[in-house]
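Student: I have a structure I would like to understand better, so I am pasting it below and will then ask my questions one at a time.
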Amino acid sequence: MLLNLCTTPLVAITAFLFAFCDFEIFPLPYPAITHKLVDVPEEKIPGPSLPLEGTLARNNILREHAVANLFAEQVHGSESVAIGPTETSVTLLDRFGYLWVADRASLGSQEGYLLRKEPETYIGPGRPLGFKYNAASGHLIVCDSLKGLLSVETGFKRFHILANRVSLNSAIDPGSIITYANDLDIASDGKVFFSDSLNISTALNRENYYDSFWSFLLSLVTGYCSGRLLSYDPATEETHVIANGFWSSNGVALSSDESFVAVAETNCFAIRRVWLKGPKAGTVDTLVESLPGFPDGLSRGSDGNFWIAIVGLRSPVVPLLKYKLFRFLLAWTPSAIRPKVPDPGLVIKVSPQGEILASLWDPTGERVRGISAVEEHMGRLWLGNLKGSGVSYLDLTHQQSR
């Protein structure tokens, strides 16, 4: 409370002073020191949220039924969850770059998972975000926000970088650096579609891990619509930009017929469709927009519909993002008094046509909160946790029988 009383007048005075001087001559915080604030295009400014009613109405499904915070003592900040090639284990990558495996086991009268005592390997330094097994090779394909697109070989003894730069023959942004690899999906032919979210790299923080969330916040502040969708072809080892201009491209999921890639445009509260085949090939349109929160991870369910992880709800300050001064002050506001983003547990299900089919809530965040990824497998919905500890899952079979 004392901190709030002392710093709030300071922020107000700072705002007053900057209103009457050229505040843009001052640098942004590291690692965005060399970046300047730009105007956000009018079409990117989010409109009002869809009302929280009908299929979006708050419920207690996650709060009452999720198996929450598995392995919370050992695993911190696993943004995603991947199901092992044998389907008898789950793989996690923590914020430091350690790879953990939990094996399916019988725990008394129930089936559960036991985490192995030690991590299997270390793929740092860096910050692993989205990852998925390649069914054909058995390799774990990883988006690392520092190093780019990685492949961890079967047995976890070795990894190598698949791509950290766009190929010179790409029609868009040839030779450009992959600054912030984030999430991915793998096509039936082995081609990897992945997001390069920002033009601000991650930096090591005081807790000794690469803070991808801070870089995301700075990208929100600068206003650059630098997010891209890329493809990596293992046959040619080439990386091409498929689409660009996203205000933070994030979750990636192929449609069941692979005619389009769904891409979360986080700062716009929207999911876009990047068309690969058919009469719309090469174009981008909107699957769903005006979401009630920031979409993070994205995946295709067993029925061909899409699961969207909402990492945080909209803040009342969202309408102010169009103002450079507000964004500048937001960047320099101490975290203790920075406007907080509500982060209850929320997953939304949408059809390939953009119809909202269901929502799963923990409205208070008591059991599950800040969901960063969602992965369905054999009747279970696994939930990643970028900023917290452990992971969770929901038994969908139980829900369907209700």
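Student: Using alpha-carbon pairs under 8 Å, 6+ residues apart, how would you state the relative contact order of the chain in percent?
Tutor: Numbers: 1023 pairs, mean separation 74.2, N = 402.
Relative contact order for the chain comes out at 18 percent.
Student: For the pair LEU52/TYR323, report the inter-label distance in nm, with labels modelled 7 Å from Cα in the Cβ direction.
Tutor: Taking the simple label geometry, LEU52 and TYR323 are separated by 2.5 nm.
Student: For LYS44, list the lysines whose Cα falls under 24 Å from its own Cα; do not include residues on the same chain fewer than 8 positions away.
Tutor: Here the lysines satisfying the reach criterion relative to LYS44 are LYS36, LYS280, LYS322, LYS324, LYS340, LYS349.
Student: If the reach is capped at under 16 angstrom between alpha carbons, list the lysines near LYS277, excluding any in the same chain fewer than eight residues apart.
Tutor: LYS191
Student: Could you give the spread of the C-alpha atoms of segment 133-180 along their three principal axes, from largest to smallest, in whole angstroms?
Tutor: Cα spread of segment 133-180 along its principal axes, largest to smallest: 35, 22, 13 Å.
Student: Please tell me the relative contact order of segment 30-108 in percent, rounded to the nearest whole number, where contacts are Cα pairs under 8 Å and at least six residues apart. Could you put the intermediate results ahead of the total?
Tutor: Numbers: 49 pairs, mean separation 12.1, N = 79.
Computed over segment 30-108, the figure is 15 percent.
Student: Okay, next question. Give me, ordered by chain and number, the residues 5 or more places off TYR133 or on other chains with an amide H under 5 Å from its own placed amide H.
Tutor: The answer is ILE83, ILE141.
Student: For segment 62-85 and segment 309-323, what is the separation of their Cα centres, given in Å?
Tutor: 26 Å
Student: Arrange the peptides 165-173, 68-76, 335-343 so that the one whose residues have, on average, the most other Cβ atoms within 10 Å appears first. Mind showing how you got there, number by number?
Tutor: Working: 165-173: 14.4, 68-76: 17.8, 335-343: 12.9.
Peptide ranking by packing, descending: 68-76, 165-173, 335-343.
Student: When ARG116, ARG95, ARG273 are ordered from fewest to most other Cβ atoms inside 10 Å of their Cβ, what list results?
Tutor: Fewest-to-most Cβ neighbours within 10 Å comes out as ARG116, ARG273, ARG95.
Student: Any aspartates and glutamates with Cα under 16 Å of the LYS157 Cα? List them, leaving off those in the same chain fewer than 8 positions away.
Tutor: Hits, sequence-local ones excluded: GLU118, GLU120.
Student: Which loop-located GluC sites (Glu not before Pro) does segment 236-272 contain, where loop means any DSSP state but H, G, I, E or B and the Cβ has at most 11 other Cβ atoms within 10 Å?
Tutor: Counting only loop positions with at most 11 other Cβ atoms within 10 Å, the GluC sites (Glu not before Pro) in segment 236-272 are GLU237.
Student: Taking θ as phi - 60°, what are the ³J(HN,Hα) couplings along segment 346-361 by the Karplus curve (6.51, -1.76, 1.60), each to the nearest whole Hz, with x for Gly and Pro?
Tutor: With the stated coefficients, segment 346-361 comes to 8, 10, 10, 10, 10, 7, x, 9, x, 7, 7, 9, 6, 9, 10, 10 Hz.
Student: I'd like the Karplus ³J(HN,Hα) series for segment 390-395: coefficients 6.51, -1.76, 1.60, θ = phi - 60°, whole numbers in Hz, and an x wherever there's a Gly or Pro.
Tutor: Per-residue couplings from phi come out as x, 9, 9, 8, 10, 7 Hz.
Student: So what is the relative contact order of segment 108-194, in percent, for Cα pairs below 8 Å that sit 6 or more residues apart? Mind dumping the intermediate values first?
Tutor: Working: 146 pairs, mean separation 19.8, N = 87.
RCO, segment 108-194: 23 percent.
Student: Then there is this: What residues have an amide H closer than 5 Å to that of THR121, excluding those fewer than 5 places away on the same chain, when H is modeled at 1.01 Å from N in the peptide plane?
Tutor: Here the answer is LEU99, since their amide H atoms fall under 5 Å of that of THR121.
Student: Pull up all non-local amide H partners of SER389: gap of 5 or more, or a different chain, and H-to-H distance under 5 Å with H placed in the peptide plane.
Tutor: GLY77
Student: Sticking with this structure for a sec: Chymotrypsin sites (Phe, Trp or Tyr not before Pro) within segment 256-299: which are DSSP loop residues with at most 15 other Cβ atoms inside 10 Å? Could you put the intermediate results ahead of the total?
Tutor: Values: sites: PHE260, PHE269, TRP275; in loops: PHE269.
Filter output for segment 256-299: empty list.
Student: So what J values fall out for segment 43-57 if you push phi through Karplus, 6.51 cos²θ - 1.76 cosθ + 1.60 with θ = phi - 60°, rounded to Hz, Gly and Pro as x?
Tutor: Result, rounded to whole Hz: 6, 8, 5, x, x, x, 6, 4, x, 7, 8, x, 5, 9, 4.
Student: Also, I was wondering about something else. Using percent of Cα pairs over 41 Å apart as the read-out, say which of (1) 24; (2) 11; (3) 34 was calculated from these coordinates.
Tutor: (2)
We did not get these values from a lab; they are worked out from the coordinates using the rules stated. Nothing here was measured: the structure is a model prediction, and the numbers come from that model. Reconstructed Cβ throughout: ideal geometry from the backbone, glycine too, with neighbour counts over all protein chains shown.
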